[in-house]
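The structure under discussion appears below in the form of structure tokens.
The values are calculated or read from the model by the stated rules, or taken from the named source; none is laboratory data. If you're wondering where the values come from, they're calculated on a predicted model, not measured in any experiment. Glycine also receives a Cβ, built like all others from the backbone with ideal geometry; neighbour counts cover every protein chain displayed. Quick note on the areas: whole protein, heavy atoms, side chains included, nothing else; ligands and nucleic acids left out. Shrake-Rupley method; radii C 1.70, N 1.55, O 1.52, S 1.80 Å.
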Amino acid sequence: MLEKIKELREELEQISASAKQEVEELRIKYISKKGLISQLFADFKNVEADQKKAVGQAINELKEFALNKINELKESFEAAENAGGQTDLTMPAEPLRVGSRHPLSIVRNEIIDIFARLGFTVAEGPEIEDDWHVFSALNFPPEHPARDMQDTFFIEKDPDVLLRTHTSSVQVRVMEKTQPPIRAIFPGRVFRNEAISARAHCIFHQVEGLYVDENVSFADLKQTLLYFSRELFGEKTEIRLRPSYFPFTEPSAEMDVSCSICGGKGCNVCKYTGWLEILGCGMVDPNVLELCGIDSKKYSGFAFGMGIERITMLKYGIKDIRHFFENDVRFLRQFESTI
Ligand code: DAH
């Protein structure tokens, strides 16, 4: 009997299975009710009394060993099956977050697209500028407050090196280099020495526009801005020009668009006026043309400048300009679908 147990033990040590079904066959062969080990229990009654203890112990150990061995085999097949289940190739893939464009970039690109349809090209100029390009060539009188330290960031102690306070400086650079016809816009970052609040920041972005050719009139300016406003804010948009003053344009105006939120009826965004101010504009002052080397008897032109933050805030109903610079992903992710 002990011999038989030893043989079975050796056999069991060797068993293996290449499919779950084979494990079941092994189970039946060894440990089912009619299996080999159950038969040993049945034969136990014939064992001599003095051997019963040793044989009983050996059978129990054998049974234990067989159970463990077969369970192990079964579990290895079940684990393989589960792993297979996890790699279901028909499952949709995890979505990939590819990031999004910054809202200011979205609006800047939209503005560039609209003017491109009217034949405007894009140019850029330096952020660190000199007094000539930011002020003098643009007809700023020497005592103009914008030249003051309080409004302008100067670099080091040289009053001739400063951070541009507007993108109008690029007008000068372009006119100095090119003769008309000129039809271009200049997007870029500008800097002003201002306290940061919900409505103002010391760093922001503008888009400047310039059109210089023979016989350019105020009517051309108006039509261009009307087309632009309707493309950006919707075809029902109306514009309104109010007389204003800029050193580099004559006449000068500020332009309002009808409030796209209330349709001009009056709401808290337009402060119940029905209008929103979005840009400054005018006919390029002949002095400026001359200072930049363009014959003001032959050519005339118009110019305009707008703040990208302001337009983006109006377009998306953003109440605080600081959101643009904090890069909080909860804010930025709202623009994900617009890629
Ligand atoms: N540079 C002006 C500003 O920063 C905006 C502006 C007004 C630009 C009138 C122009 C213009 O070209 O004609 O406030």
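Remarks
- Against the criterion of being of a type outside the set (D, E, K, R) and open to solvent by 10 Å² or more (accessible area, probe 1.4 Å), Pro103 does not qualify.
- Listed by first and then second residue, the pairs linking a residue in the range 178-192 that is more than 20 Å from Ile308 (Cβ to Cβ) to a residue that is acidic (Asp, Glu), with Cβ atoms under 7 Å apart and 6 or more places separating them unless they lie on different chains, are Pro180/Asp213; Pro181/Asp213.
- Within the range 237-253, considering residues that are part of a loop (DSSP other than H, G, I, E, B) and either closer than 13 Å to Gly280 by Cβ or touching a residue at least 24 places away in the same chain (Cβ under 8 Å) (or both), the one farthest from the ligand (Cβ to nearest atom): Glu238
- Boolean, Gly282 is more than 12 Å from the ligand (Cβ to nearest atom), on the phi > 0 side of the Ramachandran plot and either in contact (Cβ under 8 Å) with a residue 12 or more places away in the chain or of a type in the set (S, T, N, Q) (or both): no
- Any hit, the range 31-40, residues being assigned to a helix (DSSP H, G or I), within 30 Å of Glu336 (Cβ to Cβ) and touching a helix residue (DSSP H, G or I) at 6+ places or on another chain (Cβ under 6 Å): no
- Candidates Glu156, Glu194 - the one that is under 29 Å from Asn109 (Cα atoms), at pLDDT below 95, open to solvent by 70 Å² or more (accessible area, probe 1.4 Å) and not basic (Lys, Arg): Glu194
- Residue in the range 299-318 that is assigned to a loop (DSSP other than H, G, I, E, B), more than 10 Å from the ligand (Cβ to nearest atom) and open to solvent by 70 Å² or more (accessible area, probe 1.4 Å) present: no
- Checklist (1) open to solvent by 60 Å² or more (accessible area, probe 1.4 Å); (2) in contact (Cβ under 8 Å) with a residue 60 or more places away in the chain applied to Phe77, failing item: (1)
- Filter result (outside any loop (DSSP other than H, G, I, E, B) and open to solvent by 10 Å² or more (accessible area, probe 1.4 Å)) within the range 254-271: Glu254, Ser258
- Residue count for the range 286-339, restricted to those that are charged (D, E, K, R) and without any contact (Cβ under 8 Å) to a residue 60 or more places away in the chain: 7
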